[in-house]
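K.L.:
Encoded as C-alpha cells, here's the structure I'll be asking about.
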Amino acid sequence: MLGRFLEFSVETPDIGASLEFYGKLGFSQADVGDAWHHPYAVVTDGRICIGLHQHSLGAPQLTFVKPDLLKHFDALERLGLEFEFRRLGNNVFNEVGWRDPSGHLIRLVEARTFSPGKRLTTDHSACGYFLEIVLPSQNIEDSKCFWERLGFVGMDEPGTRLPHVCCTSDTINIGLYDPAELPDAALLFDADDIP
C-alpha cells in the first residue's frame with residue numbers, strides 16, 4: 001500500500017555539520033536529486049537512509065516512495081486517512097502526508113529523491129546493525145491496527161528489554177513503544193561493542 005521506505009527525514013539547521021556528524025559515525029553520503037527546493041542531503045549505513053533537510057519539518061518524518069502516486073491516491077482516501085497536505089497534479093512533484101494515531105507524520109512521494117547507495121547491508125556504521133524506527137505510541141493497539149491497514153504485519157515483542165510491537169514490512173521495521181520508555185521517535189541499532 002505504501003510502496004518502498006525511502007528515508008527517515010529529519011530537520012537540520014546546517015547540512016555540512018550534519019554530514020560531518022554522520023560521517024564520524026560511519027555513514028556514507030548518497031547522491032541526491034533536485035526534488036526539493038531547500039538544501040538536502042542523505043546519509044546511509046546500507047540499511048537505513050536518513051534524509052537531512054535544511055528546512056522546517058518539525059518532528060522526524062517517515063518517507064515512502066509510491067510510483068504513480070496520483071493514480072493510487074483514491075485507494076489511500078478509501079482508507080480514511082486525514083491528509084495534512086497533498087500536492088498532486090501533472091506538473092508537480094506529487095506528495096501527500098498524514099499522521100499516524102500518535103501524531104507521527106508519514107510522507108508519500110512519487111519518486112526517489114536520491115540515488116541508491118553503493119553500501120552493502122552488511123557494512124554497518126559505528127552505531128551497529130540497524131533494527132527499526134522507534135515510534136512512541138499512546139495506544140499501541142490502535143497504532144498496530146493503523147500500520148497493518150497500510151500493509152505492515154504487527155507482532156508483539158514481549159520478551160525484549162523494552163516490550164513493544166514490531167510492525168514489519170519488506171523494506172522497514174517500525175517499533176511501537178510506550179512513550180514513558182521511549183518518548184521520541186528514534187532509530188534503534190544493535191551494537192555488540194558500544195564503547
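The values are calculated or read from the model by the stated rules, or taken from the named source; none is laboratory data. It should be emphasised that the depicted structure is a prediction, and the values quoted were computed from it without experimental measurement. Positions of Cβ are generated from backbone atoms using ideal geometry, with glycine treated the same way; all protein chains shown enter the neighbour counts. We work out accessible area using only protein heavy atoms, side chains counted, and drop any ligands, DNA or RNA first. Shrake-Rupley method; radii C 1.70, N 1.55, O 1.52, S 1.80 Å.
K.L.:
Once both labels are modelled 7 Å past Cα along the beta-carbon direction, what's the Phe83-Tyr129 spacing in nm?
P.N.:
So the label points at Phe83 and Tyr129 sit 4.0 nm apart.
K.L.:
Another one. Could you work out which residue, out of Pro158, Pro136, Pro60, moves most in a Gaussian network model of the chain, that is, has the largest mean-square fluctuation with Cα springs under 10 Å?
P.N.:
Pro158
K.L.:
Something else about it: Report, to the nearest whole %, how much of the accessible area of the chain belongs to carbon and sulfur atoms, 1.4 Å probe, protein only.
P.N.:
49 percent
K.L.:
So, one more: 7 Å from Cα along Cα→Cβ at both Lys118 and Ala75: what's the point-to-point distance in nm?
P.N.:
With each label placed 7 Å out from Cα toward Cβ, I get 3.5 nm.
K.L.:
Note down the nm distance, to one decimal, between modelled labels 7 Å out along Cα→Cβ at Asn90 and at Asp142.
P.N.:
Roughly 4.1 nm, to one decimal.
K.L.:
Could I ask something else about it? Keeping all protein chains in place and using 1.4 angstrom, which order do Ser28, Ser143 fall into by accessible surface area, from largest down?
P.N.:
Ser28, Ser143
K.L.:
Let me ask you something else. Can you tell me, using C-alpha contacts under 8 Å and at least 6 residues apart, the relative contact order of the chain as a whole percent?
P.N.:
20 percent
K.L.:
Find the relative contact order for segment 34-129 and round it to a whole percent, using C-alpha pairs within less than 8 Å whose residues are 6+ positions apart.
P.N.:
32 percent
K.L.:
Here is a follow-up. Rounded, prolate or oblate: which fits segment 1-60 when a ≥ b ≥ c are the square roots of the eigenvalues of the alpha-carbon gyration tensor, with rounded for a/c under 1.5 and prolate only if a/b beats b/c?
P.N.:
Judged from the Cα gyration tensor, segment 1-60 comes out oblate (a/c at least 1.5, b/c at or above a/b).
K.L.:
Amide H to amide H under 5 Å from Ala35: which residues, 5+ apart in sequence or cross-chain, H placed 1.01 Å off N in plane?
P.N.:
For Ala35, no residues qualify.
K.L.:
Classify segment 15-125 as rounded, prolate or oblate from the Cα gyration tensor: take a ≥ b ≥ c as the square roots of its eigenvalues, call it rounded if a/c is under 1.5, otherwise prolate when a/b beats b/c and oblate if not.
P.N.:
The shape class here is prolate.
K.L.:
Can you list residues whose amide H is under 5 Å from Val134's amide H, if they're 5+ apart or on another chain and H is modeled 1.01 Å from N?
P.N.:
Gly175, Ala186, Leu187, Leu188
K.L.:
Still on this structure, please answer the following. Using θ = phi - 60° and the Karplus form 6.51 cos²θ - 1.76 cosθ + 1.60, what ³J(HN,Hα) does each residue of segment 20-37 get, whole Hz, x for Gly and Pro?
P.N.:
The phi angles translate into 5, 4, 5, x, 5, 7, x, 7, 10, 8, 9, 7, 9, x, 10, 5, 9, 8 Hz.
K.L.:
Here's a follow-up. In Å, what is the Rg of the alpha-carbon atoms in segment 75-165, and how long is Dmax?
P.N.:
Over segment 75-165's Cα set, Rg and Dmax evaluate to 16.6, 50 Å.
K.L.:
Follow-up. Any idea of the accessible area per residue across segment 47-142, 1.4 Å probe, to the nearest Å²?
P.N.:
Ligands and nucleic acids excluded, the figure is 51 Å² per residue.
K.L.:
Rounded, prolate or oblate: which fits the chain, taking a ≥ b ≥ c as square roots of the Cα gyration tensor eigenvalues, rounded meaning a/c under 1.5, else prolate when a/b beats b/c?
P.N.:
Here the chain falls in the oblate category.
K.L.:
Compute the relative contact order of segment 79-126 as a whole-number percentage, counting only Cα pairs closer than 8 Å that sit 6 or more residues apart in sequence.
P.N.:
Value for segment 79-126: 24 percent.
K.L.:
Take Glu95, Glu110 and sort them by solvent-accessible surface of the protein heavy atoms, 1.4 Å probe, largest at the top.
P.N.:
Glu110, Glu95
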